[in-house]
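Report on one structure; see the data block that follows.
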Amino acid sequence: MQPIQDYARSITRRHFFGQAGVGIGAAALSSLMTGQTAQASGGLPGLPHFAPKAKRAIYLFMAGAPSQIDLLDHKPKLNELFDKDLPDSIRQGQRLTTMTSGQARFPLAPSKFKFQQHGDSGAWVSELLPHTAKMVDDLAIVRSVNTEAINHDPAITYICTGHQLPGRASLGAWLSYGLGSMNDDLPSFVVMTPSWTGRKDAQALYNRLWGAGFLQSKYQGVSLRSKGDPVLYLSNPPGVSSQLRRRMLDRLAKYNERTFVSLGDPETEARIDQYEMAFRMQTSVPDLTDISNEPQHILDMYGPDATKPGTFAASCLLARRMAERDVRFVQIFHRGWDQHGNIGGDLPDQARDIDQPCFALIQDLKRRGLLDDTLVIWGGEFGRTCYCQGKLTRENYGRDHHPRCFSVWMAGGGIKGGVVHGQTDDFSYNITENPVHINDLNATILQCLGIDHKRLSYRVQGLDITLTGVLEQAPVKAILA
């Protein structure tokens, strides 16, 4: 990609020469104006790089890190090692958080929850996820995802933006930038942050997780709220009619166009586009969020929370409605998965929040013929330890952060169902087969959407930045259809 050329396409000669000087500026401008420019839809020329299997994606993000060892990574041998110390040969001196590094010992805590094999794939799934268990043959379960980050903020920033430090573009922003929008009346990237019923103290979410970073602001995610206006300031204030709002926006657009001619800042164009989108959303968003026409059997499929605004179930139902309306990328951040203690009490509630709605979303998409070209991803920022943090009993325990291995599942467009990929040791501590770095995971997501992760880049401060970094990463071919 050539973002400098994109910028040069819209910058005015007056502003450029005023900033850079005539002599050097003329030569630089001549070189910058060569090459391709962005398409009118907002997508980049040449994208997708190849025929995509998925047109859109829904990312179900379990913020706080779900315990893989209690949900998807069955480790029965730990039952024999209850309250034994984690062997040094397993830990291998690996980094710990400050929350457990001072513990006198690291007692092993087997999962209190029962596991069974399901489907033709024979995938082991916890009793906490009975609905997920019914659809394992639709899923590719990856048990060997790993990351370098060991604390929440850098870890979630890393998996969402490709870097542990803030300032990079998020996955959804990259997709909006590279592929553009498939509809005129809704944003191409929508975010929801539903309620949860597990541990009440939860890690904060920052809008940089769905931000545009160095890209134009029009590519950032739009947060859909459950109270008041679904999008802030969507409704006209008292005394302002739709016709008056239209006249105001027309006049404002003229002022902004004048500013753009004078300064040539692409953000001015982005502002015009966002005002226009907001006006169209006054009609499209109420239609999107009005579920009164949904059949009762569909509401029942999503569960009792489907009609409660702001719940995970309601968010999944809205995600399906957005898929029908060709929203490019939907991301749902479900908080409360940071179980340092009381897994016996909190984890069942968290699982209950998401299990039936996740199942319903996949089945609903499938029945409507949308799953074939919709990619669905479920996972968090890292995993949990096999040893206990705090007091250990057979019925309750806590688990610290564990970046060395965790589980993610994917389904839909571009993904092979009924696959279990990657293996961990008997402690769910180290990966023994087919490691998948989070950058490999993001490369796989881009691959399903027709993007070569190495070729989607943006030049910032002399560097060609990509979502997946500079190390050798690759899509996980074993799970690709």
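Test residue 385 against the criterion of being within 30 Å of residue 81 (Cβ to Cβ), touching a residue at least 60 places away in the same chain (Cβ under 8 Å) and of a type in the set (S, T, N, Q), and give yes or no. The answer is yes for residue 385.
Pairing each residue of the range 89-102 that is over 18 Å from residue 152 (Cα atoms) and of a type outside the set (A, V, I, L, M, F, W, C) with any residue that is assigned to a loop (DSSP other than H, G, I, E, B) and modelled with pLDDT of 95 or more, provided the two are 6+ apart or on different chains, yields C-beta distances under 8 Å for 91/106; 91/429; 92/430. Within the range 403-417, the residues that satisfy the criterion of being part of a loop (DSSP other than H, G, I, E, B) and either closer than 26 Å to residue 56 by Cα or not assigned by TED's automatic domain parsing to the domain that holds residue 53 (or both) are 413, 414, 416, 417.
Looking only at the range 81-129, residues that are within 30 Å of residue 416 (Cβ to Cβ), in a loop (DSSP other than H, G, I, E, B) and in contact with a Phe, Trp or Tyr (Cβ under 6 Å, 6 or more places away or on another chain) come to 2 in all.
Residues in the range 416-435: is at least one touching a helix residue (DSSP H, G or I) at 6+ places or on another chain (Cβ under 7 Å), surrounded by 24 or more Cβ atoms within 10 Å (Cβ to Cβ), aliphatic (A, V, I, L, M) and in contact (Cβ under 8 Å) with a residue 40 or more places away in the chain? Looking through the range 416-435, none of the residues is touching a helix residue (DSSP H, G or I) at 6+ places or on another chain (Cβ under 7 Å), surrounded by 24 or more Cβ atoms within 10 Å (Cβ to Cβ), aliphatic (A, V, I, L, M) and in contact (Cβ under 8 Å) with a residue 40 or more places away in the chain. When the range 455-469 is limited to residues that are in contact (Cβ under 8 Å) with a residue 24 or more places away in the chain, part of a strand (DSSP E or B) and among the aliphatic types (A, V, I, L, M), the one that is surrounded by the most Cβ atoms within 10 Å (Cβ to Cβ) turns out to be 465. Regarding residue 78, is this residue modelled with pLDDT of 95 or more and in a loop (DSSP other than H, G, I, E, B)? Here the answer is no, as residue 78 does not meet what is asked.
Scanning the range 43-96 for residues being aromatic (Phe, Trp, Tyr) and in contact with a strand residue (DSSP E or B) (Cβ under 6 Å, 6 or more places away or on another chain) gives a total of 2.
Being modelled with pLDDT of 95 or more, part of a loop (DSSP other than H, G, I, E, B), of a type in the set (D, E, K, R) and touching a Lys or Arg at 6+ places or on another chain (Cβ under 6 Å) is not true of residue 452. With the structure loaded, tell me whether residue 385 is over 29 Å from residue 104 (Cα atoms) and either buried (at least 23 other Cβ atoms within 10 Å of the Cβ) or at pLDDT below 95 (or both) or whether it fails that test. No.
Rundown of residues vs (1) within 19 Å of the chain's Cα centre (by Cα); (2) at positive phi; (3) in the same structural domain as residue 330 (by TED's automatic domain parsing), yes/no style:
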{"site": "393", "(1), (2), (3)": "no, no, yes"}
{"site": "419", "(1), (2), (3)": "no, no, yes"}
{"site": "424", "(1), (2), (3)": "no, no, yes"}
{"site": "437", "(1), (2), (3)": "yes, no, yes"}
{"site": "469", "(1), (2), (3)": "yes, yes, yes"}
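The residue of the range 127-147 that is farthest from residue 358 (Cα to Cα), among those that are among the polar types (S, T, N, Q) and buried (at least 24 other Cβ atoms within 10 Å of the Cβ), is 144. Annotation: of all residues in the range 188-206 being assigned to a loop (DSSP other than H, G, I, E, B) and hydrophobic (A, V, I, L, M, F, W, C), the one that is surrounded by the fewest Cβ atoms within 10 Å (Cβ to Cβ) is 204. Of all residues assigned to the range 156-175, none qualifies as being modelled with pLDDT of 95 or more and within 30 Å of residue 84 (Cα to Cα). Checking each residue in the range 388-399 for being crowded, with 23+ Cβ neighbours inside 10 Å and not hydrophobic (A, V, I, L, M, F, W, C) picks out 389, 397, 398, 399. Taking interchain pairs and intrachain pairs at least six residues apart, which have beta carbon atoms under 9 angstrom, with the first residue in the range 241-270 and over 22 Å from residue 282 (Cβ atoms) and among the hydrophobic types (A, V, I, L, M, F, W, C) and the second loosely packed, with under 14 Cβ neighbours inside 10 Å and modelled with pLDDT under 70? From the range 241-270, the pairs are 261/14; 263/14.
The values are calculated or read from the model by the stated rules, or taken from the named source; none is laboratory data. Computed from a predicted structure; not experimentally measured. Counting neighbours? That spans all protein chains shown, and the Cβs are built from the backbone with ideal geometry, glycine included.
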